[in-house]
Structure formats: C-alpha cells, structure tokens
C-alpha cells in the first residue's frame with residue numbers, strides 16, 4: 001500500500017511466511033494482564049473526553065463513498081481493517097480504532113505489540129488484532145494483520161493473507177477514482193467511508209510506552225488524547241452513519257455530532 005501520508009511499505013526484500021505465527025505470540029502472565037488493563041482503559045475513556053477533544057487532531061478524515069454496495073457481515077455493517085504489526089501507521093491507527101469500536105461493542109484477546117524496529121517511528125507501542133475477537137449488537141469488525149514485526153531471513157514474517165473477497169475489496173479502492181493507494185493501513189467502514197493512509201500521526205506516540213499511552217487517553221488535555229480520541233470521534237461518526245445512528249447515546253454525543261459535521265463537509269468519492 002503506497003500513496004498518501006502515513007502509508008507503510010515493506011522495506012525488506014522478500015517475505016517469509018509462517019502459518020499461524022504472530023508477533024509477539026499470545027502473551028502470558030504480566031503481559032496478558034497489562035494488555036487487558038490497557039484495553040479496559042481504552043474502553044472506558046469518558047464520553048466527556050471525546051466531547052472535549054473534537055476532531056482537529058486527526059491526521060486524515062474518512063472519505064465518503066457514493067452509491068457503493070453495503071459491506072455487511074452477519075447482518076451487521078462491517079468495519080474492515082487490513083494492516084501489519086510492523087507498520088507504525090497501523091500501530092497508531094489501532095489505538096483510535098479500538099477506542100471508537102469500544103463505544104459500540106467489546107474486544108477480547110487484544111495483545112500488546114510494537115511496530116518494527118527498522119521502520120520509521122520504530123517500536124511504536126500498540127495493540128495487535130491478531131487472535132482478538134469483537135462482539136457488538138451494532139457493527140461487525142474484522143481486523144487482519146498480514147505480517148508480524150519479527151524478521152526471518154531478511155523479511156517480515158507473513159502471518160495471514162486476505163481472503164479473495166477482501167483482496168477484491170482492497171483492489172477496488174486502491175485504484176482510481178478512489179486512490180486510497182496500495183499500502184497499510186486500509187480501513188473501510190461498511191463501504192460508506194475509506195480512511196486514506198492513517199488517521200493518527202505515529203510521531204505523537206513516539207517514545208511513549210504502551211502503558212503510558214493507554215493511561216493518557218482519558219485526559220482531554222493530553223496531546224495524545226487530542227490526536228487519538230479525535231480520530232476515534234471520526235471513526236465513531238462514520239460507524240454511526242452505517243448503523244442508523246445507533247446506539248443513540250454515542251451517536252448523539254457532542255463529539256460524534258461534531259465529527260459527523262466534518263464528515264458531511266467532505267466531498268464524496270464516486
């Protein structure tokens with residue numbers, strides 16, 4: 001995936017493949033507890049914080065699609081994410097996705113990881129969607145990590161491949177007139193919105209630990225919360241459009257209403 005700010009590319013020649021692998025593997029002991037605690041913090045960011053931060057900190061605004069077939073999974077609008085553990089823009093994006101989606105449902109099995117040590121913004125702390133589950137009455141979520149952050153034989157290890165349908169979906173929106181560009185991360189909100197590149201600038205997270213990032217997201221005065229929660233408001237507004245503005249307490253909140261107005265101001269793609 002290549003065009004636009006925030007698109008990470010494979011910087012090493014060749015790709016290793018290890019079926020079922022991940023990086024890191026399922027955490028044990030204190031690492032598992034730390035990931036669960038961080039996920040709980042993100043899931044309980046106060047509504048007042050989202051309302052206070054607005055959307056101005058987001059790096060990119062979801063682009064509206066016009067007259068596209070609905071993307072649906074099990075009868076629910078689907079949010080589809082495609083990325084890689086090594087990718088720093090994916091690392092930053094996941095914080096906002098987890099924050100937004102946690103307002104509509106519940107994650108389980110999220111693990112902690114970091115972006116590649118040899119990419120830009122090295123070792124950006126984040127979650128990984130590998131092995132996680134998401135449940136919601138309102139929206140379905142598919143989070144695919146194609147590569148780990150581990151290197152074998154000079155290449156990032158491939159841990160998953162998109163399905164044929166997912167590949168067709170990405171191929172559609174990675175070419176003109178949509179011009180998403182071929183690169184990570186790819187985010188499609190129910191074929192209503194595409195997120196060009198990354199919505200969260202990883203530079204804001206640089207030098208901060210996984211624990212520190214999760215702790216600061218509830219503080220509206222935090223620069224990290226300003227950027228991550230602002231992007232989460234935009235994601236939430238896009239999801240609300242797909243769900244018919246349910247649940248009402250989320251979709252009618254001042255932060256999401258502000259984000260919806262910003263989305264409406266964007267010129268729709270064909």
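The values are calculated or read from the model by the stated rules, or taken from the named source; none is laboratory data. The shown structure was predicted, so the numbers you read here are calculated from the model rather than taken from an experiment. Ideal geometry is used to build each Cβ from the backbone, glycine not excepted, and the neighbour counts take in all protein chains shown.
Given the conditions (1) within 20 Å of residue 68 (Cβ to Cβ); (2) in contact with a helix residue (DSSP H, G or I) (Cβ under 7 Å, 6 or more places away or on another chain); (3) assigned to a loop (DSSP other than H, G, I, E, B), which single one is not true for residue 200?
Of the numbered conditions (1) within 20 Å of residue 68 (Cβ to Cβ); (2) in contact with a helix residue (DSSP H, G or I) (Cβ under 7 Å, 6 or more places away or on another chain); (3) assigned to a loop (DSSP other than H, G, I, E, B), the odd one out for residue 200 is (1).
Return yes when residue 257 is surrounded by fewer than 17 Cβ atoms within 10 Å (Cβ to Cβ) and either out of contact with any helix residue (DSSP H, G or I) (no Cβ under 7 Å at 6 or more places or on another chain) or farther than 27 Å from residue 31 by Cβ (or both) and no when it is not.
In short, yes.
Just to be sure before I move on: is residue 35 modelled with pLDDT of 85 or more and within 23 Å of residue 226 (Cβ to Cβ) in the structure I sent?
Judged against the criteria, residue 35 is not a match.
Go through 260, 245, 215 for me and flag whichever is closer than 22 Å to residue 40 by Cβ and out of contact with any strand residue (DSSP E or B) (no Cβ under 8 Å at 6 or more places or on another chain). Spell out how you get there, then give the answer.
On the way: 260 fails: closer than 22 Å to residue 40 by Cβ; 245 fails: closer than 22 Å to residue 40 by Cβ.
Among 260, 245, 215, only 215 is closer than 22 Å to residue 40 by Cβ and out of contact with any strand residue (DSSP E or B) (no Cβ under 8 Å at 6 or more places or on another chain).
Could you check region 205-217 and list, in sequence order, the residues that are surrounded by fewer than 22 Cβ atoms within 10 Å (Cβ to Cβ) and part of a helix (DSSP H, G or I)?
Hits for region 205-217 are 210, 211, 212, 215, 216.
Is it true that some residue in region 187-202 is surrounded by fewer than 20 Cβ atoms within 10 Å (Cβ to Cβ), within 18 Å of the chain's Cα centre (by Cα), within 26 Å of residue 76 (Cα to Cα) and modelled with pLDDT of 95 or more?
Checked against the condition, which is being surrounded by fewer than 20 Cβ atoms within 10 Å (Cβ to Cβ), within 18 Å of the chain's Cα centre (by Cα), within 26 Å of residue 76 (Cα to Cα) and modelled with pLDDT of 95 or more, region 187-202 yields no hits at all.
Restricting to region 100-117, what's the tally of residues that are over 24 Å from residue 162 (Cβ atoms) and in a loop (DSSP other than H, G, I, E, B)?
Total satisfying the criteria: 3.
Against the definition (closer than 27 Å to residue 55 by Cα, at pLDDT 95 or above and surrounded by fewer than 22 Cβ atoms within 10 Å (Cβ to Cβ)), how does residue 135 come out, yes or no?
When the stated conditions are applied, residue 135 passes them.
Consider region 249-263. How many of its residues are over 11 Å from residue 103 (Cα atoms), free of Cβ contacts under 8 Å to residues at least 40 places away in the same chain and assigned to a helix (DSSP H, G or I)?
Total meeting the criteria: 3.
I'd like the full set of residues that are in contact (Cβ under 8 Å) with a residue 12 or more places away in the chain, out of contact with any strand residue (DSSP E or B) (no Cβ under 8 Å at 6 or more places or on another chain) and assigned to a loop (DSSP other than H, G, I, E, B), limited to region 68-99. Write out each step before concluding.
Step one: of region 68-99, the residues in contact (Cβ under 8 Å) with a residue 12 or more places away in the chain are 68-74, 76-99.
Keeping just the survivors that are out of contact with any strand residue (DSSP E or B) (no Cβ under 8 Å at 6 or more places or on another chain) gives 68-69, 96, 99.
Residues satisfying the conditions are 68, 69.
For residue 241, state whether it is in contact with a helix residue (DSSP H, G or I) (Cβ under 9 Å, 6 or more places away or on another chain), more than 17 Å from residue 55 (Cα to Cα), assigned to a helix (DSSP H, G or I) and touching a residue at least 24 places away in the same chain (Cβ under 8 Å). Before the answer, list the steps.
Values: in contact with a helix residue (DSSP H, G or I) (Cβ under 9 Å, 6 or more places away or on another chain): yes; more than 17 Å from residue 55 (Cα to Cα): no; assigned to a helix (DSSP H, G or I): yes; touching a residue at least 24 places away in the same chain (Cβ under 8 Å): yes.
Judged against the criteria, residue 241 is not a match.
Would you pick out the residues in region 138-172 that are surrounded by 15 or more Cβ atoms within 10 Å (Cβ to Cβ), in contact (Cβ under 8 Å) with a residue 60 or more places away in the chain and not in a strand (DSSP E or B)?
Scanning region 138-172 gives 138, 139, 146, 159, 162, 166, 169, 170.
Being surrounded by fewer than 23 Cβ atoms within 10 Å (Cβ to Cβ), in contact with a strand residue (DSSP E or B) (Cβ under 6 Å, 6 or more places away or on another chain) and at pLDDT 95 or above, is that true of even one residue in region 218-226?
No: zero hits.
State yes or no: is residue 210 within 23 Å of residue 36 (Cα to Cα) and modelled with pLDDT of 90 or more?
In short, yes.
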